[in-house]
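Below is one structure; the comments refer to it alone.
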């Protein structure tokens, strides 16, 4: 009988690194699976499903009631829809035409887009530049300025309404008029108000993500001769897109559902849908049945935005929570 002795074959460095990466990846997958098993519970899943159903139930009731005739809405509940059968689309037709002498609900729906999109893009653009400056640029008073920005989050919006109104109604900064020439018929004062109120929190959130970028990446770009503009557009923007998406979704939903700023700064033909929704019931509340259709018209866009971009929202919330 002949025996075959094992021979140690030479292994190059690339193969060793590949094996090391594979072992590290397998270890990470094992840790992830173990963490998932520890955090996953049958009772927790059941409780989450119950909470989700209870949370969604009022929205489903609004949807069902919006398609019911006025008589059935006034006399029966939406949960008796199978016992009191009746469906109509007249509520939506009347709701879109409801409004005041200057604007109807359809026009206010368009105004909401005209207000929300710029009021989301403008503060995020400014906040991203500020977050990069606070995270990767050295200048005198940087820490003090960042603390002041962080402290502005605790200032209630109501405290700033009167100063802003005075500023917009003819105030000047260094002798330059702020909103003169635009008046009450423009969107600029609404965009400015939402931008001012959103900047402190947006800068703080984006700074947390931008500062988590490895220092080696920024230093390597500087060694290659990249300036601040190239670093910002080629490194910061691509790496922080999940965070930008999550903050954009948050800001979009906030501005779309806002009523306080709309009541103060959006007058006349620029009123958003939330302002007309409060006036839909009529002078004596006789058209309250239209609130179901009007409310669902108002919430359909936030629902679509959140459900379609939910994965980006969750990815942005989890970005930077783990290293590897």
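Throughout, read-outs are computed from the coordinates displayed, never taken from laboratory work. Being a predicted model, the structure only gives us computed values, none of them experimental. FYI the Cβ positions are ideal-geometry reconstructions off the backbone, even for glycines, and counts take in every protein chain you see.
With the gyration tensor restricted to C-alpha atoms of segment 105-318, the semi-axes of the equivalent ellipsoid amount to 36, 23, 14 Å, longest first. Of the peptides 70-81, 42-53, the ranking by mean beta-carbon count within 10 Å, highest at the top, reads 70-81, 42-53.
Cβ-to-Cβ counts within 10 Å put 159, 105, 145 in ascending order as 159, 145, 105, the fewest first. Residues 308, 101, 112 in ascending order of nearby Cβ atoms (within 10 Å, fewest first): 101, 308, 112. Using equal-weight Cα scatterers in the Debye expression, the normalised intensity of segment 48-88 in log10 at q = 0.29 Å⁻¹ is -0.93. Listed peptides 119-126, 200-207 appear in the order 200-207, 119-126 once ranked by packing, highest mean of other Cβ atoms within 10 Å at the front. Every Cα-Cα pair of segment 189-253 was included, and the share exceeding 20 Å stands at 39 percent.
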